[in-house]
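The values are calculated or read from the model by the stated rules, or taken from the named source; none is laboratory data. What you see is a predicted model; the values in this text were computed from it and never measured. Cβ sites come from the backbone with ideal geometry, for glycine too, and all protein chains shown count toward neighbours.
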Amino acid sequence: MIDFTRTTARDIDAKGGGASLTEPEVLAKLAKLDVRARGLVEGTFSGMHKSPHRGASVEFAQYREYVQGDDISNIDWRVYARSDRFYIKEFEADTNLRCHLMVDASASMGYPGPNNSKLLYAKKLAATLAHLLIRQSDAVGLQCFNEKLTQDIPTRTSARHLGAILSVLNEITPSGGTRLVKILHDLAEKVRRRALIIVFSDLFTDVEELLDCFQHMRHRKHDLAVFHLMAPDELSFDFDRSTRFVDLESAASLVTEPAIIKQEYLNELNSYLDRMKKGCAEFQTDYRLVDTTTPYDQTLSDFLLERRR
């Protein structure tokens, strides 16, 4: 009989000695790709993303009638010549992006794959995105959570701030249960301005409750992206002999013959994933199911390229 507890992400990270979560070759590969919001965002400084407010830009938005006090340099004199009325040209205001990186650090994220635990994979994704965001002068923050919010770094744009984010990412280890639903509802209310919120998690929670969170995010006009991280064993259930399965978050265990329950497991998994995908499409959530054997630079490249389109 196989003891399926095996090694955990805590062991993997310890063996890694806190090695860098980013790789120069990956950053170079992604250097020409921007992290883009899918809709309007509200930042503090000028930048590359569309704002819901009007301002100075090269992209024309609309005309409106002149009112006393408007800058006459914005009057369109060609329109005046045709209509004998004064109209002001308005342009889209470009702003910087606020991005919140949310990393699930619950015990289930410690489940290992051939190369990375789910948590280590999430750390690499978050660290690389933080680099890219700071490079393009956007503000990035980090929230790590299990049953509660364990780390909460606010959004800032400096290189020193990036160092703080990477330091926290290197230190977190998987522990405890998951209260993703409450954490997301709280963040939706806490973040007042439109922002890009990226979640890295195995989403071990009730689907309908989670989709209610996504609807809440949509109502608050946030741009939500979700990386659903699963190890290959969880997706294929390829076990060939009697196995003891251990719940990493509760220590409950079950001894069974995988061949007997495999089809039922896969049916339940596919039903769960199908509901997740349909719900995310309904609430305009950018959902990505990620097998942790996929190179993380490929996962990020696909994400960035699709947003650029």
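When region 216-242 is filtered for residues that are crowded, with 16+ Cβ neighbours inside 10 Å, more than 20 Å from ASP291 (Cβ to Cβ) and of a type outside the set (D, E, K, R), the ones remaining, listed by number, are HIS216, MET217, HIS222, LEU224. Does any residue of region 191-205 turn out to be under 23 Å from TYR287 (Cβ atoms), out of contact with any strand residue (DSSP E or B) (no Cβ under 8 Å at 6 or more places or on another chain) and in contact (Cβ under 8 Å) with a residue 24 or more places away in the chain? Checked against the condition, which is being under 23 Å from TYR287 (Cβ atoms), out of contact with any strand residue (DSSP E or B) (no Cβ under 8 Å at 6 or more places or on another chain) and in contact (Cβ under 8 Å) with a residue 24 or more places away in the chain, region 191-205 yields at least one hit. Checked against the criterion of being over 27 Å from the mean Cα position of the chain (by Cα) and either assigned by TED's automatic domain parsing to the domain that holds ASP104 or surrounded by fewer than 14 Cβ atoms within 10 Å (Cβ to Cβ) (or both), the candidates ALA252, ALA281 yield just one match: ALA252.
Okay, residues lined up against (1) without any contact (Cβ under 8 Å) to a residue 12 or more places away in the chain; (2) buried (at least 24 other Cβ atoms within 10 Å of the Cβ); (3) of a type in the set (Phe, Trp, Tyr); (4) in the same structural domain as GLU171 (by TED's automatic domain parsing):
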position	(1), (2), (3), (4)
ILE72	yes, no, no, no
ARG85	no, no, no, no
ALA105	no, yes, no, yes
ALA122	no, yes, no, yes
LEU133	no, yes, no, yes
SER137	no, no, no, yes
GLU147	no, no, no, yes
PRO154	no, no, no, yes
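Where helices (runs of 4 or more DSSP H) sit wholly within region 201-309, those with at least 3 residues that are among the small types (Gly, Ala, Ser) occupy 258-282. Among the numbered conditions (1) crowded, with 18+ Cβ neighbours inside 10 Å; (2) without any contact (Cβ under 8 Å) to a residue 60 or more places away in the chain, the only one that GLY163 does not meet is (1). Would you check if THR292 is touching a residue at least 24 places away in the same chain (Cβ under 8 Å), in the same structural domain as ALA231 (by TED's automatic domain parsing) and in contact with a strand residue (DSSP E or B) (Cβ under 8 Å, 6 or more places away or on another chain)? Judged against the criteria, THR292 is a match. Of the residues making up region 167-186, those that are touching a helix residue (DSSP H, G or I) at 6+ places or on another chain (Cβ under 8 Å) and surrounded by fewer than 19 Cβ atoms within 10 Å (Cβ to Cβ) number 7.
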